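Contents: one structure, followed by commentary.
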Amino acid sequence: MTRTSRIPLATTIAILLFFYIPIAILVVNSFNASSTGGAWGGWTLKWYQKLFANEEMWHAIRNSLVIGVTSTLVSTAIGTSAAFALYKYSGTRIQKVHGVVLYMPLVVPEILMGISLLMIFMAVRLPLGLFAIFLAHVTFSMSYVAMVVLSRLQDFDATLIEAAQDLGADAWLTARKILLPLISPGIVAGALLAFTLSVDDFVITFFVSGPGSTTLPVQVYSMIKHSRNLPIINALSTLMMVATFVIVLTSQRQSRRA
Amino acid sequence: MGEFLEFQGVSKRFGPVKAVNNVSFSVKRGEFFSLLGPSGCGKTTLLRLIAGFEQPDSGRILLDGQDITQLPPNHRNVNTVFQNYALFPHMTVFENIAFGLRVARRPKDEIEHEVMSMLKLVQMEDKAWHLPSQISGGQKQRVAIARALVNKPSVLLLDEPLAALDLKLRQRMLLELDLIHDQVGITFLYVTHDQGEAMSLSDRIAVMHSGVTEQIATPAEVYEAPKTSFVASFIGDTNFFDGIVSSVPDDDYCLVDIPDFADIEGFNGVLCYNDKKKAVGGRVNLSVRPEKFGISIDPPRRQFAHMNVLRAKVEDIIYTGNHTNYWVSVGSRRIAVYQQHAGYLLDEKPIRWGDDVWLYWNADNGYMLDDEAAPDPGLGDNVKGV
Ligand SMILES: Nc1ncnc2c1ncn2[C@@H]1O[C@H](COP(=O)(O)OP(=O)(O)OP(=O)(O)O)[C@@H](O)[C@H]1O
Ligand SMILES: [Mg+2]
């Protein structure tokens, strides 16, 4: 008689519970009419109504989206070209330095990045605000983009470029017809990553955001200090979770393509 | 007939490595020309110089009278079949083949027609809408050839196109390549390290060795009249004999003293065909192919005008059906002898291990090499694969 062990199954369930119970509580509470959240007060959508009526919140969301989109565009452009440079001239000393420099923002503690960016902005008398946040976000997301695109490029067969040139294509046509189609999944994945990182970032943004330029995470932080706002934040988090979920799913689809 | 593709003193180094060292040769229009040599001898580099992926440090490359040395790859009327095929993975077989024509902005219906006739030539019509990942190695190979040929290049460059295929497929593709060459009449420049491929396909072969072309000749010449000991040992098997001319009885022949045979009783020199016009005291490096020897238990009956006859002892016998390989010792030498079985073998007096035999060959069948020095010990001083 063979009995398969139940332990793997039990462990899996335990881990899933551990991860998802807090989230589930949050989601359920966003529909909970009782504002304290301790007890069930019946179903309601009033927190969502309040959320949608909250002017400041909308302002912050708009800021987040504006910064998210612009910093994604710029960091994708810079990160992609950095990846190309790293790929094409790999092995030269300057490119090794370049590689390390690009890698830094991925490993340096965020708080350090935040402080140093703040100090630079102060030094050059750049007013804190949307533009400063935008610059800060570009600084770190381009590294992520570069890494994602670079890993895609490293799988790329360089003789394909020679083959295209051999068949008469110039550099521009080769890039458009061969290189871009083959690495675009990497670029798209990098851009999606940059966007989520930007919308999600709190620490660095907190340092460089001025008055009136709050982004969503910063706004949430300031609201959380008042317990009456908690259910509204639950509602917001639920919506954000759904949005993130969709983005991550799309991003995975993209990068899984051959 | 005019020279079509011409190399004039071309050199290319990578750091300290002289990948191509002062190479000059020319290829005729419509010729099937092979670059043959061991790994790392500079074949691919030479090909890439023609394609334009590398720039020579010195020298010129002419195509149909025009200096193409400085031309970028996309402006050269040559196309390459890459060793790993380099098919575009995101395009169908059809689109891969059409790429060059689309780049050249040819009309749509013309592209359609040309690609279809190419697909027919390489027998891939039914796979036109497959992606490269959905076809086999041999099929990829054919698509790569079609993709290059469809542009009607002046020269088609092929870099070991069959290396990735298994033996059976390689033999079939060999025949197909030959057929395609006959049909399209384009100049083929074929790179390989496989002497069999080069011998069976080529009009002429350039044998390369560490960046230098050692001999450029027809397959038969390269085999029968190798210029250097490298060529002699790289193409087929051979026996080398080092010696010094002891006398020159007439214009065509000389007697050569061979130190390895010195202690054989009554030995008074090997007769050699003296096409190098060596004088007494000249050094000779003689190559005699194993199949040029005769071997028998009884003294040889038929006498050639210029025959060398020696006594030998059989040391090893390998019977392979249509021929037998013997290793015999003569003096302090081991000599390889390959015998075809023309007659019915079992009727003949058998040669056994340890037998004393007669070894003989026609002086005309030995060949003096250009290099007088003993061959590179790395090649084996006797026969490869012993
Ligand atoms: N890009 C390069 N950088 C440095 N050295 C190179 C480069 N390309 C070739 N070489 C060197 O030049 C020499 C000739 O190389 P090449 O690729 O032409 O040889 P090959 O005859 O094609 O050999 P194989 O049969 O193995 O393909 C080798 O010693 C190789 O190491
Ligand atoms: Mg090569």
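Tabulated values for the structure
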read-out: Residues whose placed amide H lies under 5 Å from that of residue B:357, excluding near-sequence neighbours; value: B:312, B:313, B:314
read-out: Potential extension, residue A:5-residue A:97 segment - 0.36 nm per residue separation minus Cα distance; value: 28.0 nm
read-out: Residue mean of other protein chain beta carbons inside 10 Å, B:78-86; value: 4
read-out: Dipole magnitude of chain B about its Cα centre (Cβ charges: Lys, Arg +1; Asp, Glu -1), debye to nearest 20; value: 1180
read-out: The protein assembly as shown, helix-only ellipticity at 222 nm - DSSP H runs n ≥ 4, -39,500 (n - 2.57), divided by all residues, nearest 500; value: -14000 deg cm²/dmol
read-out: Distance from the range B:325-365 to the range A:183-213 (C-alpha centre basis), Å; value: 83
read-out: GNM result for chain B, Cα springs below 10 Å: residue of B:189, B:177, B:167 fluctuating most strongly; value: B:167
read-out: Cβ charges +1 (Lys, Arg) and -1 (Asp, Glu), total dipole of the range B:3-229, debye; value: 520
read-out: Over 21 Å between alpha carbons, listed pairs B:276/B:313; B:227/B:277; A:88/B:18; A:96/B:12; value: B:276/B:313; A:88/B:18; A:96/B:12
read-out: For peptides A:17-27, B:228-238, sequence by mean Cβ density within 10 Å, most packed first; value: B:228-238, A:17-27
read-out: Efficiency of FRET from Cβ geometry, residue B:264 and residue B:24, R₀ 41 Å, rounded to 0.05; value: 0.40
read-out: Selection from B:193, B:307, B:134 lying farthest towards where the dipole of the protein assembly as shown points positive, charges on Cβ; value: B:134
read-out: Overall form of the range B:3-229 per C-alpha gyration tensor (a/c, 1.5; a/b vs b/c); value: prolate
read-out: Cα lying deepest toward the dipole's positive end in chain B, options B:92, B:351, B:219, charges on Cβ; value: B:92
read-out: Residue among A:147, B:7, A:135 farthest towards the positive dipole end of the protein assembly as shown, charges placed on Cβ; value: A:135
read-out: Contour excess over end-to-end distance, with Cα ends at residue B:75 and residue B:125 and 0.36 nm allotted per residue; value: 15.0 nm
read-out: From phi via Karplus (6.51, -1.76, 1.60), per-residue ³J(HN,Hα) for the range B:104-114 in Hz, x at Gly/Pro; value: 7, 6, 7, x, 4, 5, 5, 4, 3, 5, 5
read-out: Amide H contacts under 5 Å for residue B:282, placed H, 5+ residues apart; value: B:245
read-out: Shielding by partners, peptide A:152-165 (average Cβ within 10 angstrom, other chains); value: 5
read-out: For the range A:55-238, size of Cβ-based charge dipole, Lys and Arg +1, Asp and Glu -1, in debye; value: 300
read-out: Exercise: per-residue mean of other protein chain Cβ atoms within 10 Å, A:168-175; value: 4
read-out: Theoretical gain in end-to-end length, residue B:84 to residue B:178 [0.36 nm per residue, Cα-Cα removed]; value: 31.8 nm
read-out: Built amide H within the under 5 Å cut-off of residue B:69, gap 5+; value: B:61
read-out: Whole-number D in µm² s⁻¹ for chain B, Kirkwood Cα-pair radius fed into Stokes-Einstein, 10 °C, 1.306 mPa s; value: 67
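Just so you know, all these numbers are worked out from the coordinates, no wet-lab data involved. What you are looking at is a predicted structure, and each value in this text was computed from that prediction instead of being measured. Cβ atoms come from the backbone with ideal geometry, glycine included; neighbour counts cover every protein chain shown.
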